[in-house]
Amino acid sequence: MLYSRRDFSKLAGLSAAASLLPGNRATAQSPGPQSARDGRIGYCVVGLGRISVDHFMPGLLQSQHGKVSALVSGTPDKAHKLAQQYGVPAEAVYTYEQYDRIRDNAAIDAVYIGLPNSMHAEYTIRAARAGKHVLCEKPMATSVADARAMIAACATAKRKLMIAYRCQLEPVNLKAIELIRSGAIGQVQAIQSANGFNIQPGEWRLNRKLAGGGPLMDVGIYSLNACRYLTGEEPQVLSAYASVIDHDGRFNEVEENVGWTMKFPSGITATCSTSYGANMDGAYKVFGSKGMLELSPAFAYQGIHMKAQVAKADGSKGHDEIDLPEAIHDPQQFTMQADYFADCITHDKPVKMSGEEGLRDMELMMQIYRSAGLPTA
Ligand code: NAD
């Protein structure tokens, strides 16, 4: 299965493959106010930090179905420089205080929210009230109540809400799902996954009010979400531990490490770890009765690589070679994500990585924190 970034017809394939994912109770909604004048969906990028500037906006430059049509930032110099670079008119550059004015800009179909976690809810709800669709970064929010309020606001406004789970559109992850569903590795028995990094002091990610939690909310969420899309099941029971090992001031407000295990209804067990104290490769291994597959890395912006041993199609001993999807490079995952959402908006299709999908992870992360004896919002 090959995907090229300029082949829009492949989006249908992405949608079909994404339909293999669990827990996507997407709702049909009316089309957006209007696709952008040249047929592309106009995105208003809110928050000009690393994910927006280094990945999402370059992704839109390669998009045939989306474009940057407005910017929201607290740093006017930076915003105006980027506006020039992306052909955004000066009047479509807003401060946070001016955010609600996006209502009057018909070139904005959707907002992309690249802000610290605790700001996602407010900026999603205000966007929906302004009549705009929302593509919101993960984690969706910092509390279950906020996640529910975001879903309700978008439903009331009849706007679509998508959580930026880019791995659910990424071809190697989709191939892993396809192999598992087809029985190529037999009955899945166990999954292992780890994702983490050694964080620098001073990051908003270490501030509970802005981040909502530590590495679980930030990067452990990839392992959690992967276990759900790989099994196609929802965890039945889970158990977790958390710790702080480095008492160097970084972890006064959020945890340093979380380890958790989950059991799924079929009996599949999963063991996951996340950390802000160690670099972890963002990988997973899936062990089945007839083979195994490993994606290492599984969640990176590029270089996602699969090693697989799958049962021979004719049932004989040994393992078959498999066709791997073409590797994609940064920022293609962001192009795919923006194009997928553009397709959902333009053709009024249900969004697979819906608010409900984000809410499910929020509920589970809160269960993990409770099990580990940590406070929850
Ligand atoms: P960042 O710190 O680089 O950018 C955050 C932006 O928010 C900056 O422009 C900052 O000026 C702005 N901001 C507004 N109010 C702020 C405040 N009170 N405090 C701090 N910043 C404020 O962060 P980032 O790495 O771009 O992460 C942004 C969001 O994107 C997070 O929710 C994160 O989880 C998510 N993210 C997703 C991916 C992915 O692959 N999908 C990768 C990285 C980050």
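Among the listed residues A270, A308, which satisfies the condition of being outside any loop (DSSP other than H, G, I, E, B), touching a Pro at 6+ places or on another chain (Cβ under 8 Å) and in the same structural domain as I191 (by TED's automatic domain parsing)? Break it down into steps so the answer makes sense when it comes.
Numbers: A308 fails: touching a Pro at 6+ places or on another chain (Cβ under 8 Å).
A270 is the lone residue from the list that is outside any loop (DSSP other than H, G, I, E, B), touching a Pro at 6+ places or on another chain (Cβ under 8 Å) and in the same structural domain as I191 (by TED's automatic domain parsing).
Collect the residues in the stretch 285-305 that are within 16 Å of the ligand (Cβ to nearest atom) and outside any loop (DSSP other than H, G, I, E, B), keeping them in residue-number order.
Initially, the stretch 285-305 is screened for residues within 16 Å of the ligand (Cβ to nearest atom), giving 295, 297-304.
Matches in the stretch 285-305: L295 only.
How many residues does the stretch 173-192 hold that are of a type in the set (S, T, N, Q), in a helix (DSSP H, G or I) and more than 20 Å from V351 (Cα to Cα)? Let's see the steps before the verdict.
Start the filter on the stretch 173-192 by keeping residues that are of a type in the set (S, T, N, Q), which leaves 173, 182, 187, 189, 192.
From what's left, in a helix (DSSP H, G or I): 173.
Next, from what is left, pick out any that are more than 20 Å from V351 (Cα to Cα): none.
Looking only at that region, the number is 0.
Which residues, counting only those in the stretch 194-223, are farther than 15 Å from N257 by Cβ and either more than 14 Å from the ligand (Cβ to nearest atom) or surrounded by fewer than 20 Cβ atoms within 10 Å (Cβ to Cβ) (or both)?
Scanning the stretch 194-223 gives Q200, P201, G202, E203, W204, N207, R208, K209, L210.
Within the stretch 173-184, is even one residue within 16 Å of the ligand (Cβ to nearest atom) and within 17 Å of the chain's Cα centre (by Cα)?
Looking only at the stretch 173-184, we keep the residues that are within 16 Å of the ligand (Cβ to nearest atom), and these are 173.
Remaining after also requiring within 17 Å of the chain's Cα centre (by Cα): 173.
Within the stretch 173-184 (the criterion being within 16 Å of the ligand (Cβ to nearest atom) and within 17 Å of the chain's Cα centre (by Cα)), the answer is yes, since at least one residue qualifies.
Checking the condition over 27 Å from L169 (Cα atoms) and touching a strand residue (DSSP E or B) at 6+ places or on another chain (Cβ under 6 Å), which residue from N195, N257 passes?
Details: N195 fails: over 27 Å from L169 (Cα atoms).
Exactly one of N195, N257 is over 27 Å from L169 (Cα atoms) and touching a strand residue (DSSP E or B) at 6+ places or on another chain (Cβ under 6 Å), namely N257.
Output the number of residues of the stretch 91-107 satisfying the condition of being more than 12 Å from the ligand (Cβ to nearest atom) and part of a helix (DSSP H, G or I).
Residues that pass the stated criteria total 7.
Out of (1) within 14 Å of the ligand (Cβ to nearest atom); (2) crowded, with 24+ Cβ neighbours inside 10 Å; (3) among the charged types (D, E, K, R), what's the single condition that is false for D77?
Result: D77 fails condition (2) only.
In the stretch 116-143, what count of residues is obtained for those that are away from the ligand (no atom under 13 Å from the Cβ) and farther than 20 Å from N207 by Cβ?
Going residue by residue through the stretch 116-143, those that are away from the ligand (no atom under 13 Å from the Cβ) are 125-134, 143.
Add one more test, that the residue is farther than 20 Å from N207 by Cβ, and what stays is 125-134.
So the answer is 10.
For V88, which of the numbered conditions (1) assigned to a helix (DSSP H, G or I); (2) away from the ligand (no atom under 15 Å from the Cβ) fails to hold?
(1)
Using the structure shown, decide if L324 is within 17 Å of A184 (Cβ to Cβ) and within 16 Å of the ligand (Cβ to nearest atom). Spell out the reasoning first.
Working: within 17 Å of A184 (Cβ to Cβ): yes; within 16 Å of the ligand (Cβ to nearest atom): no.
So L324 does not fit the description; no.
What tally of residues in the stretch 313-334 results from selecting those that are touching a strand residue (DSSP E or B) at 6+ places or on another chain (Cβ under 8 Å) and surrounded by 14 or more Cβ atoms within 10 Å (Cβ to Cβ)?
Of the residues in the stretch 313-334, the ones touching a strand residue (DSSP E or B) at 6+ places or on another chain (Cβ under 8 Å) are 313, 319-320, 322, 324.
From what is left, the residues that are surrounded by 14 or more Cβ atoms within 10 Å (Cβ to Cβ) are 319-320, 322, 324.
Here the count works out to 4.
Which residue, of A110, A164, is in contact with a helix residue (DSSP H, G or I) (Cβ under 7 Å, 6 or more places away or on another chain), under 20 Å from P58 (Cβ atoms) and within 11 Å of the ligand (Cβ to nearest atom)? Before you say what the answer is, go through the steps one by one.
Numbers: A110 fails: within 11 Å of the ligand (Cβ to nearest atom).
A164 is the lone residue from the list that is in contact with a helix residue (DSSP H, G or I) (Cβ under 7 Å, 6 or more places away or on another chain), under 20 Å from P58 (Cβ atoms) and within 11 Å of the ligand (Cβ to nearest atom).
Restricting to the stretch 61-91, and then to whatever is in contact (Cβ under 8 Å) with a residue 24 or more places away in the chain and over 25 Å from the mean Cα position of the chain (by Cα), can you tell me which residue is nearest to T124 (Cα to Cα)?
Step one: list which residues in the stretch 61-91 are in contact (Cβ under 8 Å) with a residue 24 or more places away in the chain, which gives 61-73, 75, 78-79, 82, 86.
Okay, now just the ones that are also over 25 Å from the mean Cα position of the chain (by Cα), so 75, 78.
Numbers: T75: 20, K78: 23 Å.
Per the stated criteria, the residue is T75.
On the phi < 0 side of the Ramachandran plot, assigned by TED's automatic domain parsing to the domain that holds P215 and at pLDDT below 95, is that true of L295? Let's see the steps before the verdict.
Values: on the phi < 0 side of the Ramachandran plot: yes; assigned by TED's automatic domain parsing to the domain that holds P215: yes; at pLDDT below 95: no.
So L295 does not fit the description; no.
Taking K132 as the residue in question, decide whether it is among the basic types (K, R), touching an Asp or Glu at 6+ places or on another chain (Cβ under 9 Å) and within 25 Å of Y301 (Cβ to Cβ). Give the derivation first.
Values: among the basic types (K, R): yes; touching an Asp or Glu at 6+ places or on another chain (Cβ under 9 Å): yes; within 25 Å of Y301 (Cβ to Cβ): no.
The answer is no for K132.
The values are calculated or read from the model by the stated rules, or taken from the named source; none is laboratory data. In this text, all values refer to a predicted model and were calculated from it rather than measured experimentally. Glycine gets a Cβ as well: all are built from the backbone with ideal geometry, and neighbour counts include every protein chain shown.
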